[in-house]
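The values are calculated or read from the model by the stated rules, or taken from the named source; none is laboratory data. Because the structure is a prediction, the values reported are computed rather than measured. Cβ sites come from the backbone with ideal geometry, for glycine too, and all protein chains shown count toward neighbours.
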Ligand SMILES: Nc1ncnc2c1ncn2[C@@H]1O[C@H](COP(=O)(O)OP(=O)(O)O)[C@@H](O)[C@H]1O
Ligand SMILES: [Mg+2]
């Protein structure tokens, strides 16, 4: 364990947390955490999912009271009873879920709860505009919030905190809702805030994001500080990854170039409606060949989810065709598609992929039950044996196979779901956001399974919002925007920026 030097005067730190403990029933979320943040710097708080980052920041922001520990701001000891206490001491937090009112304007959202009601709306808007300009936050204060993209909403949350004159700003995984160019914009905004003398804590579990932005880092692992006040300039990604995970390197090697075989999945002029009855996508034509991974990049809500559902037979198409292994399955039911060799890893794991009320074993056999349909009875022993086999083969960490599926953690749920779908060698795999929300080791495990499928000759379609994942794993990369394919790229040579531009095509026209 590395501790910050205790010789230096605590006054130079904007934030100094020492020996912070926070327990929840059955979990020690923070176990004696140390964190020092220098004034006027951008500090990375790193750690895998579940490491205790959000809990620690909720302690700093007055949302949780620590069971033990000391909290100093600019050398002075504080004890917050609630978030308002923390705000008045200068600590503001932008949470992972935004807390904004859709029907209010940007300016109204920014000042809500803190502006004297006497001020005229015009004047408020002008003041909010001035503040936004100072920090390079491009938003229109008069615009109603519902018209804003996620990236713009985040700016409103940042403005809210600045408006209350926070000197310490906490951003909890701010980049998850942003496109690559929005990430660059955020970095610039944070730099301006630091130059203004404010201190920023930037939470992330993605290393590359913080490296260009933050000067120092603290790494948490299983609720403990494994390093604090790490100099980012003197630390490389491999070292940070090792600190976060505590074991060997994590990034999968770029796979060798595949020699694709026959087309196993063919979409022709495909079109379908979304939930509101208007086109979710149209004119989709591409094929995925044996032994290749084709990626679909895009900002959420541009038709990817509906496309995956149409391929799986869970949503009807209104035009065009879907061919699996040379057979037209456009009108086939999901079960028929499964029997024709399709594996589907849906985005909505607990809604579509798993039955939350059933046991781990019952969930494990859902797919073979669908495929074989040998009468209504399933021999319990066989079911249990199969479940245990999946658990072992795919490294699911679970207690009792008879226990509820909901008892599994996110990473183990996904291992079970993906394992179940991939067992029995499908010829076509459609995976939608398969690694979302998983920790570093979980991500690696799932990515390795997809690479294995490719090696075994399956045609893999990977739909993901994680551009790095797509650039690392895929052989060809398509970008979907506004329900159409905006471009096809070679992931070995294309830049993040180029893909980002294609992902954003026309958004200015649609959000204004
Ligand atoms: N409100 C809560 N109640 C119970 N357990 C919680 C709560 N918040 C977090 N935890 C648990 O505490 C641990 C740390 O979680 P969290 O601080 O959210 O981690 P991180 O933000 O690093 O992903 C996890 O095991 C999580 O399940
Ligand atoms: Mg968190």
Test result for residue 490, at pLDDT below 85, out of contact with any strand residue (DSSP E or B) (no Cβ under 6 Å at 6 or more places or on another chain) and under 30 Å from residue 340 (Cα atoms): no
Are any residues in the range 61-70 crowded, with 22+ Cβ neighbours inside 10 Å and more than 23 Å from the chain's Cα centre (by Cα), and if so, which ones? 62, 66
I'd like to know if the range 177-200 contains one or more residues that are assigned by TED's automatic domain parsing to the domain that holds residue 99 and within 14 Å of ligand 1 (Cβ to nearest atom). no
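Per-residue answers, yes or no, for (1) over 16 Å from residue 212 (Cβ atoms); (2) surrounded by fewer than 22 Cβ atoms within 10 Å (Cβ to Cβ):
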| residue | (1), (2) |
| --- | --- |
| 160 | yes, no |
| 166 | yes, no |
| 170 | yes, no |
| 185 | no, yes |
| 197 | yes, yes |
Residues of the range 462-474 being part of a loop (DSSP other than H, G, I, E, B) and either surrounded by fewer than 22 Cβ atoms within 10 Å (Cβ to Cβ) or out of contact with any strand residue (DSSP E or B) (no Cβ under 8 Å at 6 or more places or on another chain) (or both), which ones? 465, 466
Would you pick out the residues in the range 3-57 that are farther than 22 Å from residue 213 by Cβ, in contact with a strand residue (DSSP E or B) (Cβ under 6 Å, 6 or more places away or on another chain) and at pLDDT below 85? 3, 10
Within the range 163-172, does at least one residue satisfy the condition of being away from ligand 2 (no atom under 16 Å from the Cβ), in a helix (DSSP H, G or I) and over 19 Å from the mean Cα position of the chain (by Cα)? yes
Have a look at 151, 113 and point out the one that is farther than 24 Å from residue 40 by Cβ and in a helix (DSSP H, G or I). 151
Inter-residue pairs, beta-carbon under 6 Å, first assigned to a loop (DSSP other than H, G, I, E, B) and in the range 126-142, second loosely packed, with under 15 Cβ neighbours inside 10 Å, 6+ apart: 135/192; 136/188; 136/192
What tally of residues in the range 44-78 results from selecting those that are touching a residue at least 12 places away in the same chain (Cβ under 8 Å) and away from ligand 2 (no atom under 16 Å from the Cβ)? 12
So which of 181, 149, 114 is under 27 Å from residue 300 (Cα atoms), surrounded by fewer than 17 Cβ atoms within 10 Å (Cβ to Cβ) and away from ligand 2 (no atom under 16 Å from the Cβ)? 181
Which one is nearest to residue 141 (Cα to Cα) among residues in the range 84-103 that are more than 15 Å from ligand 1 (Cβ to nearest atom) and not in a loop (DSSP other than H, G, I, E, B)? 92
If I ask for residues that are in a loop (DSSP other than H, G, I, E, B) and either near ligand 1 (Cβ under 10 Å from one of its atoms) or out of contact with any helix residue (DSSP H, G or I) (no Cβ under 6 Å at 6 or more places or on another chain) (or both), which ones from the range 42-65 would you list? 47, 48, 49, 50, 51, 52, 63, 64, 65
